[in-house]
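Working notes, beginning with the structure itself.
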Amino acid sequence: MDKGLKKTILNISAIGLLFFALWLFDRYGTEYHVRILNNIAVFIILAVSYNLVNGICGVLHLGPNAFITIGAYTSALLTMSPAEKKISFIIEPLIWPLSVIQVPFWMSLIIAGLVSTVFAFLISYPVFRVRGDYLAIVTLGFGEVVRVLCNALQGVTNGPLGLKGLKPYTNLWWSWAIAVITIVVIQRLINSSWGRAMKAIREDEIAAKAMGIDPFRHLLMAFLINAFFSGVAGGLLAHLITTISPTLFTFFLTFNLLMIIVVGGLGSTTGAVIGATLFAWGSEALRIVESPMQIGSLYIPGIPGMRMVIFSVILMVVIIFARKGIMGQREFSWDWVFAKIKRKHT
Amino acid sequence: MGQIFFQTQNLTMQFGGLVAVHNFSIKIEPHEIIGLIGPNGAGKTTVFNMITGNLIPTSGKIIWLDRDITALQPHYITTLGIARTFQNIRLFGNLSVLDNVMVSYHHRLKSSFWDAMLRTRRYRSEEKHIREEAFRILTMVGLDHFAREPASSLPYGQQRKLEIARALATNPKLLLLDEPAAGMNPQETLELARFVRSLRDSFDLTLIVIEHDMKFVMGLCERIVVLVYGHTIAEGRPEDIQHHPEVIKAYLGEKRHARY
């Protein structure tokens, strides 16, 4: 059989299997399982697209939380009914066009992505004038600016009160369908001539320029694509948590994403998926360590934040013993699976 | 009067109080091989950096095919047909040898971004064409066996060859080689000279070569420019340069020690 066709069939069956598993969870799983799975999907979207900027282009971008926030607010404001908005905005009424608009969930997600992209475009010029630590600081600063604006613009974001009572539209189908789309889009981009150019910029920007590659254009492309998916994921998160406030998506979230892609392996989509899964699952499973414990005669009271200590330890262990993360820059491929199977048989 | 192929007019580069290059003027005709020599710190690489747009000259002009290209963006200058290699090798270390060369075709890609995302027939055939072309260039420099290896795993001499292959893939008319023979043994240097000359003929190239290996430069170049402390002290055929008193004094040492 044609190798390309074979892989397409395998890919489609893998996705089919995934959705069958999701169907099983949707039908027979507990609410707890469903929540973890939704979280995993959202983190996959965030990590895979974030990896495009940090892992493939090699730019230390520390502001995805800004785009997640923008996406979350945009999507939430678009799905709330005018009546709900009137009740929510008690201190200052919502400004005019937003106060009457209501669109379906799917459309709000796309608009959320686009609005994030527009903001990313607006800050792209100052961002890509600098590199390295300076770029990190500019993007970090933008994240803070967005948080402050969310607090201050009462007429748009309802300020510190946030938006409450959003409809829990996000279900397994939405989150996982978008996660699959994200992976496919990012993978296709990485494995195209554009992805190659982005990697060249990561490896050596001066040499890339000498080979005719315009760094600004390519970094901008990655930055905008990341912003789009961050915005969409923000919309999903808003309708998963159903309550958003300016302090919900802080730098802390960016730090988690950074941890995910570093542990998974910078530059590897497979690594980002594994990292996101471990993180989203781990942060639920590790709730045990935050509850009071009795080990023998030793009593440990519940310490909130213990999970983060464990994550930090894992991060340090990875950085000391496996500097390239779980996957390094490698990717999962069917060829690799075939090779493994073949070796077992001979 | 015909077209100006390549010319620099009074190119000067100042870093603060230091004049790295002073009034560098040269005119090059198609198909020439020019040698740029001089002691360390003479400003040879600075000249390359100005031509390729990595440095913006303090004053002076660079004309390429009748067009003023002074201070244009480096990547844009490459698309106009001027390519270079680097003295301190700058390969894309984690990319495969083949990918290193394929990167150079990106600026000439005709397919759109959406073609690439949707993997249209147009994109796939272009990608296939690029892969074949890149492979052809690798075969020419003798690196086809390493195509799938990461570039950083190559031995030093091969890395230099890959630098040349990568620059060739951008489809240049003018190629700037910055110390291509550095770290090569005499035998390899000899082969390199032969290779560079064959490149000139098969790719219809014009070359400017910076090199410290006098045997290499004298054997390869048709015209040599000598830079000392940013000043052009001599220009001419290799035989004349060898006997030029200023050059001997400044660069090759006293006459009785000179190898030529």
Starting from the Cα gyration tensor of region A:111-162, take the square roots of the eigenvalues, sort them a ≥ b ≥ c, and report rounded, prolate or oblate (rounded when a/c is under 1.5, otherwise prolate if a/b is larger than b/c, else oblate). oblate
Restricting to bridges with both residues inside the protein assembly as shown, how much of the DSSP beta-bridge set is antiparallel, in percent to the nearest 5? 60 percent
Per residue, how much accessible area does chain A have with a 1.4 Å probe, in Å²? 48 Å²
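Below 13 angstrom from the Cβ of A:Asn171, what's the summed charge of the other residues (Lys, Arg +1; Asp, Glu -1)?
Values: positive: A:Arg27, A:Arg35, A:Lys167; negative: A:Asp26, A:Glu31.
Spelling it out: positives minus negatives among the neighbours equals +1.
Checking the a/c ratio against 1.5 first, then a/b against b/c, what shape does the Cα gyration tensor give for chain A?
Since a/c stays below 1.5, the shape of chain A is classed as rounded.
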Can you list the residues, at least 5 places off or on another chain, whose amide H is less than 5 Å from the amide H of B:Thr58, using H built in the peptide plane? B:Thr12, B:Met13, B:Gln14
Number of Lys pairs (Cα under 20 Å; 8 or more positions apart or on different chains) in chain A: 12
Per-residue average of other protein chain Cβ atoms inside 10 Å, peptide A:190-199 -> 6
Accessible area in the full protein assembly, largest first, 1.4 Å probe, for B:Asp115, A:Asp2, B:Asp213, B:Asp68: A:Asp2, B:Asp68, B:Asp213, B:Asp115
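In debye, nearest 20, what is the charge dipole magnitude of the protein assembly as shown about its Cα centre with +1 on Lys and Arg Cβ and -1 on Asp and Glu Cβ, if you could check? Please list the in-between numbers first.
Numbers: 57 positive and 42 negative charges, 246 e Å.
Computed about the Cα centre, the dipole is about 1180 debye.
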For region B:51-77, residues shielded by at least 40 square angstrom of accessible area compared with the chain on its own, probe 1.4 Å: B:His75
Work out from phi, with θ = phi - 60° and the Karplus expression 6.51 cos²θ - 1.76 cosθ + 1.60, the ³J(HN,Hα) of each residue of region B:167-178, listed in order in whole Hz, and give x for Gly and Pro. 5, 4, 5, 6, 6, x, 9, 10, 10, 9, 9, 9
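Give me a single rounded figure for B:96-106: the average over its residues of other chain Cβ atoms within 10 Å of their Cβ.
5
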Going Cα to Cα from B:Lys27, which aspartates and glutamates come in below 13 Å? Please leave out same-chain ones fewer than 8 positions away. B:Asp66, B:Glu235
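Using a Förster radius of 25 Å, what is the FRET efficiency between A:Glu284 and A:Asn191 based on their Cβ-Cβ separation? Nearest 0.05, please.
Numbers: r = 33 Å, r/R0 = 1.32.
FRET efficiency, A:Glu284 to A:Asn191: 0.15.
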Residues of B:118-125, mean number of Cβ from any other protein chain within 10 Å of their own Cβ, rounded to a whole number? 1
Nonlocal amide H pairs with B:Gly38, under 5 Å, H built at 1.01 Å: B:Leu227
Unit charges at the beta carbon, dipole of the protein assembly as shown: most positive-side option, A:Leu52, B:Gly53, B:Phe5: A:Leu52
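Nearest 100 Å², what total accessible surface is buried between chain B and chain A (probe 1.4 Å)? Walk me through the intermediate numbers first.
Details: alone 13240 and 17790 Å², together 28440 Å².
Result for this pair: about 2600 Å² buried.
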With axes computed from alpha carbons, what is the tilt in degrees of helix B:186-203 against the longest principal axis of chain B, rounded to the nearest 10 within 0 to 90? 60 degrees
I'd like the distance between the alpha-carbon centres of region B:133-170 and region A:321-346, rounded to an integer number of Å. 26 Å
Cα centroid separation, region A:59-82 to region A:203-226 (Å): 26 Å
With every protein chain kept in place and ligands, DNA and RNA left out, what is the accessible area per residue of region B:90-171? Probe 1.4 Å, answer in Å². 47 Å²
Relative contact order (percent, whole number), region B:105-168, Cα cutoff 8 Å, 6+ residue spacing: 24 percent
What's the magnitude of the charge dipole for region A:3-250 around its Cα centre, counting Lys and Arg as +1 and Asp and Glu as -1 at the beta-carbon? Answer in Debye, nearest 20. 560 debye
Reported to the nearest 10 Å², A:Met80 has, with a 1.4 Å probe, an accessible area equal to 10 Å²
Please turn the phi angles of region B:240-250 into ³J(HN,Hα) values with the Karplus equation 6.51 cos²θ - 1.76 cosθ + 1.60 (θ = phi - 60°), one per residue in order, whole Hz, x for glycine and proline. 5, 4, 4, 9, 5, x, 4, 5, 4, 5, 7
Cα gyration tensor category, rounded, prolate or oblate, for chain B with a/c compared to 1.5: prolate
Using the Karplus equation 6.51 cos²θ - 1.76 cosθ + 1.60 (θ = phi - 60°), what ³J(HN,Hα) coupling, rounded to whole Hz, does each residue of region B:17-25 give in order, writing x for Gly and Pro? x, 8, 8, 7, 9, 10, 6, 7, 10
Within region B:90-171: Cβ-based charge dipole about Cα centre, in debye rounded to nearest 20 (Lys, Arg +1; Asp, Glu -1): 200 debye
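Net charge within 9 Å of B:Arg122 by Cβ-Cβ distance, Lys/Arg positive one each and Asp/Glu negative one each, not counting B:Arg122 itself?
Working: positive: B:Lys110, B:Arg121, B:Arg124; negative: B:Asp115, B:Glu126.
The answer is +1.
Using a 1.4 Å probe on the protein heavy atoms, what percent of the accessible area of the protein assembly as shown belongs to carbon and sulfur? Please list the in-between numbers first.
Values: 17850 of 28440 Å².
On the protein assembly as shown, the fraction of accessible area on carbon and sulfur atoms equals 63 percent.
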For chain A, built as a Gaussian network whose Cα springs stay under 10 Å, the top-fluctuating residue of A:Ile310, A:Ile12, A:Ile186: A:Ile12
Burial ranking of peptide ranges A:279-289, B:74-84 (average Cβ count within 10 Å, highest at the top): B:74-84, A:279-289
Around B:Leu175, with a cut-off of 9 angstrom between Cβ atoms, what is the net charge of the other residues, counting Lys and Arg +1 and Asp and Glu -1? +3
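The values are calculated or read from the model by the stated rules, or taken from the named source; none is laboratory data. Only a predicted model underlies this, so the values are computations on that prediction, with no experimental measurement involved. In this analysis, Cβ positions are derived from the backbone assuming ideal geometry, glycine residues included, and neighbour counts consider all displayed protein chains. The protein model used for the area step is the full one, side chains on, heavy atoms only, and it has no ligands, DNA or RNA in it. Shrake-Rupley method; radii C 1.70, N 1.55, O 1.52, S 1.80 Å.
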